[in-house]
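The values are calculated or read from the model by the stated rules, or taken from the named source; none is laboratory data. Everything numeric in this text was worked out from a predicted model, so none of it was measured. Heads up, the Cβs are rebuilt from the backbone with ideal geometry, glycines too, and the neighbour counts pull from every protein chain shown.
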Amino acid sequence: MRSRPRHRAIRALGVLLVLVASCGAAPADRPPGAPAPVPAAAPPSVALPRAEPAWGVVDSTCAPERLAARPAGVDVAVVEAFWDRFEPTPDAVDAGYADGLRATVQRCLDAGVRVVLGSGLQYPPAWVRALPDAAVRDQAGRTPDTGAVDTVFSAAVAAAADGYLRRLVAAVPADRLVGIRLGTSTAGELGHPGPEASGAAFDSWWAFGPAPQHGQGLAPGQVPSPLPDWIPGQRTWQGRAVTPDQARSWFDWYSGALVRAVADRARSLRAAGYRGPVHVPAAGRGVLPAALDAAVAVVLDTAVRDGALRRGLDYVGDLPALAAAVPGAVVDLTGLDDATAVRARRLSPPQDRCRPGDAQALVGRDAVVDTWPNQRVTAAAAARAGLPTVGENPGPPGPTTGGTADSDSEADQLRYAVSYARGCGLSAFLLAFEDDLYTDRSGLTPADYEAAIGG
């Protein structure tokens with residue numbers, strides 16, 4: 001699935017977690033090069049049931065009239081913060097915006113609705129974009145058309161983000177939140193910028209500034225490239241042939257840097273006093289093991305479906321590292337019943353449903369998983385890592401949402417996504433978007449949602 005930049009009115013991605021026993025402890029064996037664990041979180045004040053998914057909405061306004069009309073059983077609201085509005089100048093909070101955000105969260109809490117907060121790191125203010133070496137760069141020296149900053153490798157951006165997160169936690173009733181979302185991309189998801197960011201399909205690797213290549217201004221917790229100045233696809237480095245093992249080492253560094261960045265931001269949340277779950281939105285399905293093996297064999301001189309290789313998305317390899325580094329982490333499937341599920345449902349036999357044994361089959365030598373939809377692959381990868389999952393539907397078709405012309409209608413997304421949430425063992429499903437229930441944009445009504453989850 002493509003990455004999902006949102007229009008400001010509809011950008012928030014829903015995330016939610018039920019606390020599980022594994023949230024407070026990391027696996028005994030940490031993968032080599034994985035970041036140090038974030039201090040274990042204390043249980044949040046509000047736990048969620050496991051037997052049935054929790055139900056909620058994305059991009060909630062917590063408006064009184066909507067709270068009063070919400071569907072029975074829907075008691076989770078995803079509220080998105082915006083960094084550029086919260087902190088328009090360095091280290092200076094816009095009191096009016098902060099008060100409004102706090103009031104929005106409080107309205108939902110007062111109505112008995114649990115709140116997930118989108119951190120809004122994907123909306124850096126202009127002063128952050130102007131920081132030295134803040135821009136992310138590819139191998140040709142290009143910067144994304146989106147104005148994305150280097151949230152992964154830049155020490156200056158990391159320091160600014162950490163300060164923002166501390167002030168954000170202080171501005172809201174953080175001890176009553178049931179989740180805060182962290183991502184690295186311009187869509188607020190895990191990943192380096194997608195191929196659409198540079199205007200050149202599939203050709204950009206986003207780790208070629210002075211920080212990732214030579215350690216100049218490198219963010220804490222990161223390490224510089226194991227092959228400085230080598231560009232994926234080049235057959236030689238420093239006068240010698242590049243081996244597949246070296247190519248794999250480079251990709252593991254490139255992909256693992258995403259987990260290290262999330263772990264550092266999670267440490268900032270903990271230091272600020274937040275003790276609840278940390279949610280990591282995961283777009284698409286990442287690179288399948290067989291596809292990564294094939295790419296490594298040609299020293300990364302190839303592209304992989306949906307740009308997953310260049311985004312650094314290796315869920316099979318990186319989710320165990322995430323589990324080790326960030327106790328309380330949750331994987332958010334950001335395209336439940338996306339176009340890949342529609343196609344998989346039409347196969348004979350259908351391949352859209354999660355099944356027992358998927359976690360083992362995903363890495364089995366004889367398994368054929370290329371026909372699996374995004375949600376099934378990522379759910380299996382999360383299960384292998386021992387991480388809980390939540391999810392949301394892609395929403396209406398358009399350049400500012402996750403929907404495409406091949407997606408189900410929003411009414412069908414609601415029906416199928418609810419079924420997939422149950423069948424894949426998700427802890428929560430959050431409908432994208434709240435506006436679709438209370439305007440005539442989609443034709444959906446609160447009664448439709450209530451009927452879908454009540455059946």
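Data table
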read-out	value
Any hit, segment 114-123, residues being of a type in the set (Phe, Trp, Tyr) and within 18 Å of the chain's Cα centre (by Cα)	yes
Test: residue in segment 420-428 that is touching a residue at least 24 places away in the same chain (Cβ under 8 Å), of a type in the set (D, E, K, R) and in contact with a Ser or Thr (Cβ under 6 Å, 6 or more places away or on another chain)	no
Criterion: touching a Lys or Arg at 6+ places or on another chain (Cβ under 6 Å) and not in a helix (DSSP H, G or I) - qualifying residue of Asp352, Asp408, Asp440, Asp370	Asp352
Scan of segment 360-383 for residues that are under 24 Å from Pro53 (Cβ atoms) and surrounded by fewer than 18 Cβ atoms within 10 Å (Cβ to Cβ), ordered by number	Gln360, Ala361
Subset tally (residues that are more than 21 Å from Val115 (Cα to Cα), surrounded by 24 or more Cβ atoms within 10 Å (Cβ to Cβ) and of a type outside the set (S, T, N, Q)) for segment 162-191	2
Residue in segment 318-329 that is of a type outside the set (Lys, Arg) and in contact with a His (Cβ under 8 Å, 6 or more places away or on another chain) present	yes
Listing of helices (runs of 4 or more DSSP H) fully contained in segment 48-153 that carry 3 or more residues being out of contact with any Leu (no Cβ under 9 Å at 6 or more places or on another chain) and modelled with pLDDT of 95 or more	64-68, 95-110, 126-129
Any chance Gly286 is small (Gly, Ala, Ser), in contact with a Ser or Thr (Cβ under 6 Å, 6 or more places away or on another chain) and crowded, with 22+ Cβ neighbours inside 10 Å	no
Where a residue in segment 77-105 is under 23 Å from Leu431 (Cβ atoms) and its partner, wherever it lies, is aliphatic (A, V, I, L, M) and surrounded by fewer than 19 Cβ atoms within 10 Å (Cβ to Cβ), with Cβ under 7 Å and at least six apart	Leu101/Ala171
Wholly enclosed helices (runs of 4 or more DSSP H) of segment 262-327 bearing at least 3 residues small (Gly, Ala, Ser) and under 28 Å from Asp203 (Cα atoms)	289-297
Whichever residue in segment 221-277 is more than 21 Å from Val157 (Cα to Cα) and among the small types (Gly, Ala, Ser) and, among such residues, is surrounded by the fewest Cβ atoms within 10 Å (Cβ to Cβ)	Gly239
Test: residue in segment 126-135 that is buried (at least 18 other Cβ atoms within 10 Å of the Cβ), farther than 30 Å from Gly276 by Cα and touching a residue at least 60 places away in the same chain (Cβ under 8 Å)	yes
Evaluation of Leu362 against (1) of a type outside the set (Phe, Trp, Tyr); (2) within 30 Å of Asp293 (Cα to Cα); (3) modelled with pLDDT of 95 or more (one fails), failing number	(3)
Matching option when the condition is more than 24 Å from Val223 (Cβ to Cβ) and touching an Asp or Glu at 6+ places or on another chain (Cβ under 7 Å), among Gly284, Gly273, Gly328, Gly256	Gly284
